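Remarks on the structure that follows.
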Amino acid sequence: MPDQYAVIGNPVAHSRSPLIHAEFARQTGQNIVYGQLLAPKDAFAATANEFRAGGGRGLNVTLPFKGEAFRFAAFLSERASAAQAVNTLKFEGGVIFGDNTDGVGLVNDLVRNQSCDIAGRRILLLGAGGAARGVIEPLLQQQPAELVLANRTLDKAQRLAQSFRGTFEAGTYAMLAGRQFDLVVNATSASLTGELPPLPPGVFARGALAYDMMYGKGETPFLALARAEGAAMLADGLGMLVEQAAESFFIWRGLRPDSAPVLKLLRQTQDA
Ligand code: NDP
């Protein structure tokens, strides 16, 4: 019997995770099946428990359940505790272990796929939701020259900075006037609705990398602005998706798949 895994969410039909993990399993010769689990919005724990009772070994967790998965896990990794969100659950010997691989996914995509050296760079992170929270600790671990977080709602930015003991500067977009950054990461959901975060002109330094966590939307207004303002490199979040999946696969199976051919495959199917 193959070991069972799945992605749980609502909605979940659009998820690329089954394709990614099927490729990882084929590549590494692991005998697993990976499906999709649509949980009613008020029944995350019941659905996850049912999957577990049926022999399920692990789950990837997507919107809107990352906070519930954080509360569901009995043991948490340090990065899941910092993120206050779980995107990877592992069921082993009656224990529920929760981790968050989104942040390391972003860092690995930047370093491996974009050849972006984060150490010593000036980073601007846009947004103060779950995605932004999840990447703060892994970005800080790379020892950037500075990490500045801008959010539309000041209160949310400030509370987030406080929960990280003020290890980075946080405020609204107004504080960015006249400042420049080497890496600008859009962790807002603005691209989802074709909107643009209210960036003042000139935030992209010469040679800057503009990164939109959104994927599958073509050139978003954020990336179009970055291009117009002379950013040297533009990236969407598809690499982050594949790299976070590779880290989940490692947590479950103890093997590191090669993410590059899977990312290439996804790009081909996305463009087709
Ligand atoms: P949340 O709903 O938790 O947070 C949304 C954030 O976006 C808030 O900070 C909100 O600001 C801000 N925002 C929304 N609209 C605008 C706008 N028009 N202008 C400026 N700010 C805006 O979402 P998540 O953090 O969970 O997700 C954010 C994005 O990251 C999504 O697009 C998601 O698809 C992507 N993502 C990608 C992943 C990947 O693997 N590539 C993994 C995880 C997420 P305010 O506080 O003022 O409301």
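Here residue 270 meets each of (1) surrounded by fewer than 24 Cβ atoms within 10 Å (Cβ to Cβ); (2) at pLDDT 95 or above with one exception, condition (2).
When you scan segment 235-256, do you find a residue that is away from the ligand (no atom under 16 Å from the Cβ), in a helix (DSSP H, G or I), touching a residue at least 12 places away in the same chain (Cβ under 8 Å) and more than 20 Å from residue 102 (Cα to Cα), even just one? Looking for residues that are away from the ligand (no atom under 16 Å from the Cβ), in a helix (DSSP H, G or I), touching a residue at least 12 places away in the same chain (Cβ under 8 Å) and more than 20 Å from residue 102 (Cα to Cα), one finds none in segment 235-256, hence no. Scanning segment 172-188 for residues that are within 14 Å of the ligand (Cβ to nearest atom) and either basic (Lys, Arg) or in a helix (DSSP H, G or I) (or both) yields a total of 3. Within segment 202-223, residues that are within 18 Å of residue 120 (Cα to Cα) and among the aromatic types (Phe, Trp, Tyr) reach partners that are more than 9 Å from the ligand (Cβ to nearest atom) and not in a strand (DSSP E or B) with beta carbons closer than 6 Å, at six or more positions or on different chains, in the pairs 204/226; 204/229; 204/231. Determine whether residue 66 is surrounded by 23 or more Cβ atoms within 10 Å (Cβ to Cβ) and of a type in the set (Lys, Arg). It is true that residue 66 is surrounded by 23 or more Cβ atoms within 10 Å (Cβ to Cβ) and of a type in the set (Lys, Arg). Note on segment 108-128: residues that are of a type in the set (Val, Ile, Thr) and part of a loop (DSSP other than H, G, I, E, B) total 1. Just to be sure I understand, how many residues within segment 162-196 are under 19 Å from the mean Cα position of the chain (by Cα) and crowded, with 21+ Cβ neighbours inside 10 Å? So the count comes out to 7. Here is a check on your reading of the model: is residue 148 in contact with a helix residue (DSSP H, G or I) (Cβ under 8 Å, 6 or more places away or on another chain) and in contact (Cβ under 8 Å) with a residue 40 or more places away in the chain? In short, no. Restricting attention to segment 74-107, which residues are away from the ligand (no atom under 13 Å from the Cβ), outside any strand (DSSP E or B) and under 20 Å from residue 21 (Cβ atoms)? Of everything in segment 74-107, those that are away from the ligand (no atom under 13 Å from the Cβ), outside any strand (DSSP E or B) and under 20 Å from residue 21 (Cβ atoms) turn out to be 77, 80.
Is it true that residue 191 is among the small types (Gly, Ala, Ser), within 15 Å of the ligand (Cβ to nearest atom), modelled with pLDDT of 95 or more and in a helix (DSSP H, G or I)? Criteria not met by residue 191.
Screening residue 119 with (1) out of contact with any strand residue (DSSP E or B) (no Cβ under 9 Å at 6 or more places or on another chain); (2) among the hydrophobic types (A, V, I, L, M, F, W, C); (3) surrounded by 21 or more Cβ atoms within 10 Å (Cβ to Cβ) gives one miss only, at (3). When residue 56 is tested against (1) closer than 22 Å to residue 215 by Cα; (2) assigned to a loop (DSSP other than H, G, I, E, B); (3) more than 16 Å from the ligand (Cβ to nearest atom), just one condition goes unmet, and that condition is (1).
Filtering 60, 49 for residues that are buried (at least 19 other Cβ atoms within 10 Å of the Cβ) and either out of contact with any Ser or Thr (no Cβ under 8 Å at 6 or more places or on another chain) or in the same structural domain as residue 245 (by TED's automatic domain parsing) (or both) leaves a single hit, 60.
Per-residue answers, yes or no, for (1) outside the structural domain of residue 84 (by TED's automatic domain parsing); (2) in contact with a helix residue (DSSP H, G or I) (Cβ under 8 Å, 6 or more places away or on another chain):
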site	(1), (2)
172	yes, yes
177	yes, no
184	yes, yes
212	yes, yes
219	yes, yes
225	yes, no
250	no, no
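Number of residues in segment 194-205 that are among the aliphatic types (A, V, I, L, M) and away from the ligand (no atom under 16 Å from the Cβ) equals 1.
Of everything in segment 129-157 that is near the ligand (Cβ under 7 Å from one of its atoms), modelled with pLDDT of 95 or more and assigned to a loop (DSSP other than H, G, I, E, B), the residue that is surrounded by the most Cβ atoms within 10 Å (Cβ to Cβ) is 151.
The values are calculated or read from the model by the stated rules, or taken from the named source; none is laboratory data. In this text, all values refer to a predicted model and were calculated from it rather than measured experimentally. Virtual Cβ from ideal backbone geometry, glycine too; neighbours counted across all protein chains shown.
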